[in-house]
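First the structure, in the form of structure tokens, and then the observations on it.
The values are calculated or read from the model by the stated rules, or taken from the named source; none is laboratory data. Model, not experiment: these values are computed from the prediction. Cβ coordinates were reconstructed from backbone atoms using ideal geometry, including for glycine residues, and neighbour counts include every protein chain displayed. Just the protein is used for accessible areas: all its heavy atoms, side chains included, with ligands, DNA and RNA removed. Shrake-Rupley method; radii C 1.70, N 1.55, O 1.52, S 1.80 Å.
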Amino acid sequence: MSSPSSTSARPGRPGLVLTGVAVVAVLAGALVTGAAAAPVLGDPGPLVRWGALVARVIHDLAAAATVGLLVLAAFLAPETTRTNRRVSATRLASATAALWALAGLVGVLLTFAQLAGVPLSAPGYLDQFVSFAWELEVTRVAIISLGLAAVVAAGAAVASSRSAMAWLAGLSVFAVLPLALAGHAAGAANHDTAVNTLAVHLVGVTLWLGGLLALAVMRPQLGSDLGATVQRYSTIALWSFVAVAMSGVLNAGLRLGGLDGLATAYGLLVVAKVLALVGLGYAGWRHRRALTGRLLNEAAGVRDFGRLVLAELALMGLAVGVAVALARSAPPVPDTPIAEPTPAEVFTGYPAPAPLTASAWFTTWRVDWLWLAVAVLMVGLYLAGWQRLRRRGDAWPLARVVLWVLGWAVFLFATQGGPGIYGRVLFSAHMVMHMAVAMLVPLLLVPAAPLTLALRALRSRPDKTWGPREVILQLVHSRYLGALANPVVASALFFFSLAIFYYSPLFELALTTHTGHVAMMVHFLFSGYLFVWVLIGLDPGPKRWSPLLLLVVLFATMAFHAFFGVIMTGGTTLLAPDFFGRLDLAWVPDPLADQQRAGAIAWGVGEAPTLALALVVAAQWVRSDRVEARRRDRQADRDGDAELAAYNAQLAQRRAAHEQAERIRADRTAQRARRGTPGQGG
């Protein structure tokens, strides 16, 4: 009978199983769909066609291993004075990140050869690659991703602190995101939804697979802490499973076009991937229900865990190989551009909405799955934390719950209702959306105190690893947040980024690209939330300024904001002219006049939030004075007003010292007078 660690004594075995199954799956999938078939024109050769598939499999597996090892090092694995698990996992992540970058480079070279239709050995190939690789989106995003992977490899080779490992884990996840822009979905007519779902899918798969592979490789070093580490990983795996399943359904719906698409070769691979997902879901359920508890106490549980992990990795390899084959195969719904696109469809990817009316602000809707998912997730987590406090018998103001839900409802209206839809083509509507997301939404969310709720609802970890609660504490007490939360810095970020955004090419980039639009929304929400938080936030963080200084910062910022609106209202030069000047909307005859209306909106809309913020700051000022007065009264009751007695004694001491000084001065004056007076008699 093998010992509990016999299977894990060969840490390379899980990787070999995973890679072997994935390579076989991608080759078989390519045979089924013809993904590696020779094209009619410009055949780069079988080495390029088949090599690109294998390189992408190795790339994806190395990326997942890197993310998983860094997440395990930063957040999952306990450490003692006798272990060095975090550093060991981080150094392994450096090696896998280097493999990730190398496989990415090979993949870029092979992909460019496929696009050019020439073999790698063709004369002038490298010159063409250097000249055009950055110009093509599919190779440009791959170059960005492999560059970030190289940075992760270099950082993981020297990182020794847990914070550095956490930052590297975040960077490694971020390095996966650009690849969503180059998949099948990125070229679809419904571009935004396709890219969003693919990005969520990639991150979910990477965390899920990477965490499992990291557990398998690091199992010998985890020893008796394997059970606790697996418990934490199972939570990540559950969230990843939900994200992969939901994004996969949406993406498959875009690609298949209906149930008839399942009868195609592409559809057969989708079915195979679904079956692998179901099998992985069952294995994850077994982890949580049967094995996790046994891992804490039984050696048999460790052996069973090793066998189950190998089976899961085999299914993961199947899913990854099939996914790579799907990415290189023609779907039933082809990625063909719209036959005769309107200017709005060319620039935004959506048809132009109907003329704007008063009712259209509230009756026009279009689902944006990314922001809908974010809002639902934020509301769901907040309500879950609130319910945990209630079950524990702790109070939490209902008004805060209402404010949080209302804030995200306004966010959904701004991004998916009239402001979001018309804001894609109309400057004035865009400004309404901007003001709602950056000013109104934070004004509702900040008083809900989400970080305070999280700190009260989340359980702390006794083994000093970083769970969600510990990460929040690290964040709110970090020097980075201390710098950003300086009211002057937050104010400058809020205003100057506004001016720079609209009076630079960034505005047009946000209007015409999906990545730019998402970045714009994130910045609007973050800068607005930070500004409101430093003024009226209830959550823990850096030391607050006095209310008087906060009011000065508030009114100075709003004065600059009003000045910005005035400048835009009186402007005679159209901003983003290559966008608004070419939309050719019949119901917007003068884009410059609409821009001037946008300036008036920026000027006028800022007044109400400013007044509300000023009233809240003043109310907090009064409340803090009352709290301090009550504290002093309670202190006086406890110690017999010792503070007042000490103050009176100090005054009496000063008065006595002053009287003594006056007497001394009077005596000296009298002595000088006597010495200066002529003597009598003689």
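Dipole orientation for the chain: of the candidates 263, 609, 88, 88 has the Cα lying most toward the positive pole (charges on Cβ; Lys, Arg +1; Asp, Glu -1). For region 585-591, the Karplus equation 6.51 cos²θ - 1.76 cosθ + 1.60, evaluated at θ = phi - 60°, returns couplings of 8, 5, 8, 10, x, 10, x Hz by residue, with Gly and Pro reported as x.
Dividing the helix sum by the residues of the chain, where each DSSP H run of 4 or more adds -39500 (n - 2.57), gives a mean residue ellipticity at 222 nm of -24500 deg cm²/dmol. If you take the alpha carbon atoms of the chain and fit the smallest convex hull around them, that volume is 279 Å³ per residue. If you filter region 48-109 for trypsin sites (Lys or Arg not before Pro), then keep DSSP loop positions with at most 10 other Cβ within 10 Å, what is left? Those that pass, being in a loop and sparsely packed, are 82. One decimal place: the segment residue 28-residue 50 gains 6.8 nm when fully extended, by the rule 0.36 nm per residue minus the C-alpha distance. Taking 0.36 nm per residue of separation and subtracting the current Cα-Cα distance, fully stretching the chain between residue 544 and residue 131 would add 143.4 nm. Heavy-atom accessible surface of residue 273, to the nearest 10 Å², is about 50 Å², with a 1.4 Å probe and all protein chains retained. The phi torsions of region 409-423, fed into the Karplus equation with coefficients 6.51, -1.76 and 1.60 and a -60° offset, translate into couplings of 5, 5, 4, 5, 4, 5, 9, 10, x, x, x, x, 6, 6, x Hz, rounded to whole numbers, with Gly and Pro shown as x. Figure legend: label point modelled 7 angstrom from the Cα of residue 330 along Cα→Cβ; residues of region 228-271 with amide N under 17 Å from it are 255-257, 261-269.
Rolling a 1.4 Å probe over the protein heavy atoms of region 475-576, with every protein chain left in place, gives an accessible area that is 78 percent carbon and sulfur.
If you bin all the Cα-Cα distances of region 357-480 at 10 Å, starting from zero, the percentages per bin are 12, 34, 30, 17, 6, 1. Rounded if a/c is under 1.5, else prolate if a/b beats b/c, else oblate: with a ≥ b ≥ c from the C-alpha gyration tensor eigenvalues square-rooted, which is region 1-148? It comes out oblate by the Cα gyration axes. Extending 7 Å from the Cα toward the beta-carbon at both residue 361 and residue 618 defines two label points whose distance is 2.7 nm. A cut-off under 11 angstrom between Cβ atoms defines the neighbours of residue 353, and their net charge, with Lys, Arg +1 and Asp, Glu -1, is +2. In terms of its C-alpha gyration tensor, region 507-576 comes out oblate, because a/c is 1.5 or above while a/b does not outweigh b/c. A straight line joining the Cα centroids of region 154-230 and region 50-129 runs 12 Å. For the chain, the solvent-accessible area works out to 49 Å² per residue, with a probe of 1.4 Å and every protein chain left in place.
Diagonalising the gyration tensor over the Cα atoms of region 70-125 and scaling each eigenvalue by 5 before taking the square root yields semi-axes of 41, 9, 4 Å, largest first.
Note on exposure: 383, 115 ranked by accessible area (1.4 Å probe, complete protein assembly) read 115, 383, with the most exposed listed first. In the context of the full protein assembly, residue 658 retains an accessible surface of approximately 110 Å², using a probe radius of 1.4 Å and ignoring ligands and nucleic acids. Couplings for region 489-504, taken from phi via the Karplus curve 6.51 cos²θ - 1.76 cosθ + 1.60 with θ = phi - 60°, read 5, 4, 5, 5, 4, 5, 7, 5, 5, 4, 5, 5, 4, 6, 9, 9 Hz in order; Gly and Pro are left as x.
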